[in-house]
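Asker: Sharing a structure below in structure tokens format, with a few things to ask.
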Amino acid sequence: KVNSEIQTDIITLTRYLTETQHALGSTATGDFTLLCHALQFSFKSIAYYIRRATLINLVGLAGSENKTGDEQKKLDVIGNEIFVNSMKSSGKVKVLVSEEEEEALVFQGAGKYAVVCDPIDGSSNLDAGVSVGTIFGIFRLDDDAEGKAEDVLLPGTELVAAGFTMYGASANLVLTMKGGSVNGFTLDNALGEFILTHPNMRMPKSRAIYSVNEGNSRYWDEACKDYFNTIKEKGEKPYSARYIGSMVADAYRTLCYGGIFAYPADKKSPKGKLRILYECAPMAMVMEQGNPPGVLFQKSSTSLHILVMMN
Ligand code: AHG
Ligand code: MN
Ligand code: MN
Ligand code: MN
């Protein structure tokens, strides 16, 4: 008897994108689909080099700094190159903003999308083999957009799609499109395909987990100190602490298990450490669209420098 548990009708990311495009009818040109194909290639490629890093001398620092003042790891540089080349060759991207690029990159051609990205999020964790990720956000530019840095000075609510891939025990891609649900795909290394394993992800309504770099607490303002003290000291039992230090991994866990993640602005980073365009906005879109209806979601403080996911 043939094993009936073998799935012969799996939904790959490629299939999901094709079906999504067909559902939109003749208005869809296929450009977004092709852009997503280029994205998924960059994730597979980055996942491959992260797994091989220790073997091929890709650990440690590159010896340079990026524009936000971070020391670049070798994999920050390689991951960025992979991502940039993939976006450029897709022919669908006009403007690309990356954490690891000095300026916005403008590509000539028929591209009508702008992409913002953090090629390797959590790079301080790389050499210890701890989970890291790639974050991306996609804007649809106006047809007459010339292609310049200012084109991406848009609020996060203008994103047409966003997501991330977490490189952990497996590579997990989370994707959401404007007005849609949040879907999770897992890379099957043998097939070389992302498989839909987590359709319609919804953050559980509650879980007593908090995720914040508490080592910064002496730099926090009083309201922030009070808040985290309250969740530890008040209530029936204290929250559990979980902090990986890669936002993608902390956010993925928060999406799967529920709880709170925050990187509050503090005296050391008065504007907040997480960068609004390619870290906070895409992640906020995923969390907002993956939130169960009626649950409080606060994506920013008044200063827009804190990303809080709460249930
Ligand atoms: P990146 O590695 O892309 O520069 O981002 C680092 C960010 C984010 O991933 C993480 O949540 C946070 O910085 C960790 O910062 P601390 O080490 O200060 O906790
Ligand atoms: Mn960095
Ligand atoms: Mn980051
Ligand atoms: Mn980064």
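The values are calculated or read from the model by the stated rules, or taken from the named source; none is laboratory data. The shown structure was predicted, so the numbers you read here are calculated from the model rather than taken from an experiment. Glycine also receives a Cβ, built like all others from the backbone with ideal geometry; neighbour counts cover every protein chain displayed.
Asker: Mind checking which strands (runs of 3 or more DSSP E) fall wholly inside the range 105-215 and carry at least 3 residues that are within 14 Å of ligand 1 (Cβ to nearest atom) and within 16 Å of the chain's Cα centre (by Cα)?
Answerer: 113-121, 132-140, 161-167
Asker: Considering the range 203-244 alone, what residues qualify as being among the basic types (Lys, Arg) and at pLDDT below 95?
Answerer: Passing the criteria: Lys205, Arg207, Lys232, Lys234, Lys237.
Asker: With the condition kept exactly as written, say whether any residue in the range 282-299 is assigned to a loop (DSSP other than H, G, I, E, B), touching a helix residue (DSSP H, G or I) at 6+ places or on another chain (Cβ under 7 Å) and at pLDDT below 90.
Answerer: Yes, the range 282-299 contains at least one residue that is assigned to a loop (DSSP other than H, G, I, E, B), touching a helix residue (DSSP H, G or I) at 6+ places or on another chain (Cβ under 7 Å) and at pLDDT below 90.
Asker: So, one more: Looking at Val130 and the list (1) surrounded by fewer than 16 Cβ atoms within 10 Å (Cβ to Cβ); (2) in contact (Cβ under 8 Å) with a residue 24 or more places away in the chain; (3) more than 16 Å from ligand 4 (Cβ to nearest atom); (4) not aromatic (Phe, Trp, Tyr), which single condition is not satisfied?
Answerer: Condition (3) is where Val130 drops out.
Asker: List pairs: first residue in the range 241-270 and on the phi > 0 side of the Ramachandran plot, second residue of a type in the set (D, E, K, R) and in a loop (DSSP other than H, G, I, E, B) anywhere in the structure, Cβ distance under 7 angstrom, at least six positions apart or on different chains.
Answerer: Gly258/Lys205; Gly258/Arg207; Gly259/Arg207
Asker: For the range 72-100, which residues satisfy the criterion of being more than 18 Å from the chain's Cα centre (by Cα) and in a strand (DSSP E or B)?
Answerer: Across the range 72-100, the qualifying residues are Gln72, Lys73, Val93, Lys94, Val95.
Asker: Condition check: surrounded by 13 or more Cβ atoms within 10 Å (Cβ to Cβ) and within 23 Å of Gly290 (Cβ to Cβ). Does Ser217 satisfy that?
Answerer: Spelling it out, it is not the case that Ser217 is surrounded by 13 or more Cβ atoms within 10 Å (Cβ to Cβ) and within 23 Å of Gly290 (Cβ to Cβ).
Asker: Return the residues of the range 98-118 that are within 16 Å of ligand 3 (Cβ to nearest atom) and surrounded by fewer than 22 Cβ atoms within 10 Å (Cβ to Cβ); say none if nothing qualifies.
Answerer: Glu101
Asker: Oh, and also: Filtering the range 174-188 down to residues that are in contact with a Ser or Thr (Cβ under 8 Å, 6 or more places away or on another chain) and polar (S, T, N, Q), which residue is surrounded by the fewest Cβ atoms within 10 Å (Cβ to Cβ)?
Answerer: Looking at the filtered set, the residue picked out is Thr186.
Asker: Still on this structure, I have one more. Which of the residues spanning the range 175-204 are β-branched (Val, Ile, Thr) and under 19 Å from Met285 (Cα atoms)?
Answerer: Within the range 175-204, Thr176, Val182 qualify.
Asker: Going by what's in this entry, would Ala171 be described as of a type in the set (A, V, I, L, M), surrounded by 13 or more Cβ atoms within 10 Å (Cβ to Cβ) and touching a Gly at 6+ places or on another chain (Cβ under 8 Å)?
Answerer: no
Asker: Here is a further query. Return only the number of the condition from (1) more than 30 Å from Arg140 (Cα to Cα); (2) part of a loop (DSSP other than H, G, I, E, B) that Ile50 does not satisfy.
Answerer: With respect to (1) more than 30 Å from Arg140 (Cα to Cα); (2) part of a loop (DSSP other than H, G, I, E, B), Ile50 is out only on (2).
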